[in-house]
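Right, one structure below, let's go through it.
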Amino acid sequence: MSDAPLYGEAPLHLEPRLDRRPAALLRSAAFLHTLVDALGSPLNVLLPQQIADNAEGFDAVLRRHRLTGRLYFAHKANRSSALVRRLTTTGAGLDAASLGELQHALASGFTADRIMATGPKEPEFLWLAARCGVIVNADGPGELAAAARLVRACGLAPLRVLLRLSEFESSGARMLSRRSRFGTPVKELGGLLDVLERYRDALEPVGVGYHLDTVGLDEKATALEGCLRAADELRIRGFRPFAVDVGGGFGVNYLAHAAQWERYTAELTQAVLGRRAPLSWGGYGYGLRAENGVLRGSLGLYPAHRPVAGPAYLDELLSRPAPGLGRPLGTLLLESLCELYAEPGRALVDQCGITLGRVVEVRDSGCGEPYLVRLAMNARDVSLEEHGVLLDPVPVPRDRGGEPAGGAVGVHLVGNLCLESDLITRRTVFLPALPRPGDLLAFANTAGYCMDFTATRAQQQPEARKVAVWEEGGSWRWRLDEEYWPLDETGEQQA
């Protein structure tokens, strides 16, 4: 079988966007091979210096709008110790969504005044949050009452709480029709305020917030305006809120070229309709299907090319006119004397991590089908596709001088589990040349949910180890993730 593109069709690339640090790291092939030789495949490589730069990008947006506030890193996006420890050296805080995450934050150097407890809270989690005095982002009246009883029973100082709200309305029409299992509908705010009044000695409401599972700016603008109105309701009851929490969902731009994304999604539609060669294992359509020659369904993919993402998305939200009041939301926040809290996860670890997998076998599948490339990893080790993210891996040959000649070749990337479903991606990937056993494939920008959120030890295959790397004196240095601290060789804090 030749190395020609699949079925003679032009190759469809989805090249990852790479900032300076990860791009420089991927050019250091010998260094990466040394790491994998020593620590095994798969291997997660983290860039802790990058998370500090990302935090500064969000802070710059607040300064531009003359706002004060704080970022709270949504720790669930990545379990890394190196990233959390490096973040302690910035002004950011941490959003802990479990007892383990709260313990990890405290052990990594975060003080209680920089931690917010979110998510479902077991009694042990709520107990430690109350004992430490972190901000508790309360999901409902039951959680508020339970926290207040703990404060009273333990004789603690009043606990700072933030009310998470949902199902906002604007101009008499419900704009956020989707329901959520999190937060209290804003129409039930009065019940929350009744609980706060009953426990004035134990709870100190610092503000209100929301967390929406959407990229829609219109919905978030409606929610932010609703939070400002809710803060006024707290003031009417005699409380003194000073913060509005806009949650997360700022997004990441994964791809380098918008045209590649537009072309791929257009060609995928043609493939589903049978008008071109398949673009995936078994003709999988990512939510699209053909019925009697008519396209049905909807594309279930993350919008991998997002020109407005991360800090730029926050900037656009704050610049947007409030749906009901018609003035910029950032201006309304400033006039209300409210700080802005945010909980970025994926956006704060953008460009902070790469997952490496070693090529074990390259097999000609025959019948004109793409090659099968088996890696020493499985789909749970790099769950980009599980989160709807499609992008090409970057080949890191062991011997750059001996790269095979030829043009792009279509391959299917398969994992190390005895499961038909263990495909690193169901998409047919076009590589610049056919890899060879011992080469590495580097999956870029995996630190946000795609690195360890779903990793398992199925079949007793090893989970990927983590290593933190940084540039120093013109070369790359590294430490195991759990052994990294933001200190230089002299014991001084890293710049």
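If I filter the range 181-199 for residues that are surrounded by fewer than 22 Cβ atoms within 10 Å (Cβ to Cβ), among the aromatic types (Phe, Trp, Tyr) and either assigned to a strand (DSSP E or B) or modelled with pLDDT under 95 (or both), do I get at least one hit? Looking through the range 181-199, at least one residue is surrounded by fewer than 22 Cβ atoms within 10 Å (Cβ to Cβ), among the aromatic types (Phe, Trp, Tyr) and either assigned to a strand (DSSP E or B) or modelled with pLDDT under 95 (or both). If you scan the range 241-255, which residues turn out to be crowded, with 17+ Cβ neighbours inside 10 Å and assigned to a loop (DSSP other than H, G, I, E, B)? Selection gives Pro241, Val246, Gly247, Gly248, Gly249, Phe250, Gly251, Val252, Asn253, Tyr254. Tell me whether the range 23-42 contains one or more residues that are within 20 Å of the chain's Cα centre (by Cα) and closer than 25 Å to Gln493 by Cβ. Taking every residue of the range 23-42 in turn, none turns out to be within 20 Å of the chain's Cα centre (by Cα) and closer than 25 Å to Gln493 by Cβ.
When Leu62 is tested against the conditions (1) surrounded by 21 or more Cβ atoms within 10 Å (Cβ to Cβ); (2) closer than 18 Å to Met451 by Cα, the lone failure is (2). Considering the range 70-101, the residues that are among the hydroxyl-bearing types (Ser, Thr, Tyr) and either touching a residue at least 40 places away in the same chain (Cβ under 8 Å) or outside the structural domain of Gly119 (by TED's automatic domain parsing) (or both) include one that is nearest to Lys466 (Cα to Cα), namely Ser80. Considering each residue of the range 288-303, count those that are within 21 Å of Gly388 (Cβ to Cβ) and charged (D, E, K, R), and give that number. Residues that pass the stated criteria total 2.
Please determine whether any residue of the range 466-480 is open to solvent by 70 Å² or more (accessible area, probe 1.4 Å), under 18 Å from the mean Cα position of the chain (by Cα) and of a type in the set (A, V, I, L, M, F, W, C). For the range 466-480, residues open to solvent by 70 Å² or more (accessible area, probe 1.4 Å), under 18 Å from the mean Cα position of the chain (by Cα) and of a type in the set (A, V, I, L, M, F, W, C): absent.
Restricting the range 123-154 to residues that are at pLDDT 95 or above and in a loop (DSSP other than H, G, I, E, B) leaves a set whose member that is nearest to Glu225 (Cα to Cα) is Val134. For the condition closer than 26 Å to Gly40 by Cβ, open to solvent by 10 Å² or more (accessible area, probe 1.4 Å) and touching a residue at least 24 places away in the same chain (Cβ under 8 Å), Val349 does not qualify. Would you pick out the residues in the range 303-324 that are assigned to a loop (DSSP other than H, G, I, E, B) and open to solvent by 30 Å² or more (accessible area, probe 1.4 Å)? Matches in the range 303-324: Pro303, His305, Pro307, Val308, Arg320, Pro323, Gly324. Pairing each residue of the range 456-485 that is more than 16 Å from Val84 (Cα to Cα) with any residue that is of a type in the set (S, T, N, Q), provided the two are 6+ apart or on different chains, yields C-beta distances under 6 Å for Gln461/Asn416; Ala464/Asn44; Trp476/Ser28. Of the residues contained in the range 217-240, one or more are found to be open to solvent by 10 Å² or more (accessible area, probe 1.4 Å), over 18 Å from Thr331 (Cβ atoms) and either in contact with a strand residue (DSSP E or B) (Cβ under 6 Å, 6 or more places away or on another chain) or assigned to a strand (DSSP E or B) (or both). Glu262 - would you say it is among the charged types (D, E, K, R), under 26 Å from Leu384 (Cα atoms), assigned to a helix (DSSP H, G or I) and open to solvent by 10 Å² or more (accessible area, probe 1.4 Å)? It is true that Glu262 is among the charged types (D, E, K, R), under 26 Å from Leu384 (Cα atoms), assigned to a helix (DSSP H, G or I) and open to solvent by 10 Å² or more (accessible area, probe 1.4 Å). Quick one: in the range 100-118, which of the residues that are surrounded by fewer than 17 Cβ atoms within 10 Å (Cβ to Cβ) and of a type outside the set (A, V, I, L, M, F, W, C) is farthest from Leu83 (Cα to Cα)? Among those residues, the one meeting the criterion is Asp113. Does Leu334 fit the bill of being surrounded by 14 or more Cβ atoms within 10 Å (Cβ to Cβ), in contact (Cβ under 8 Å) with a residue 24 or more places away in the chain and outside any loop (DSSP other than H, G, I, E, B)? Yes: the conditions hold for Leu334.
For the range 426-477, which positions are part of a loop (DSSP other than H, G, I, E, B) and of a type in the set (Lys, Arg)? Before you say what the answer is, go through the steps one by one.
In the first step, residues of the range 426-477 are kept if they are part of a loop (DSSP other than H, G, I, E, B); the result is 426, 428, 432-439, 445-457, 461-464, 473-474.
Arg426, Arg436, Arg457, listed by residue number.
The values are calculated or read from the model by the stated rules, or taken from the named source; none is laboratory data. Note that this is a predicted model, so its numbers are computed, not measured. Ideal geometry is used to build each Cβ from the backbone, glycine not excepted, and the neighbour counts take in all protein chains shown. Heads up: the accessible areas ignore ligands, DNA and RNA and are worked out on the full protein's heavy atoms, side chains in. Shrake-Rupley method; radii C 1.70, N 1.55, O 1.52, S 1.80 Å.
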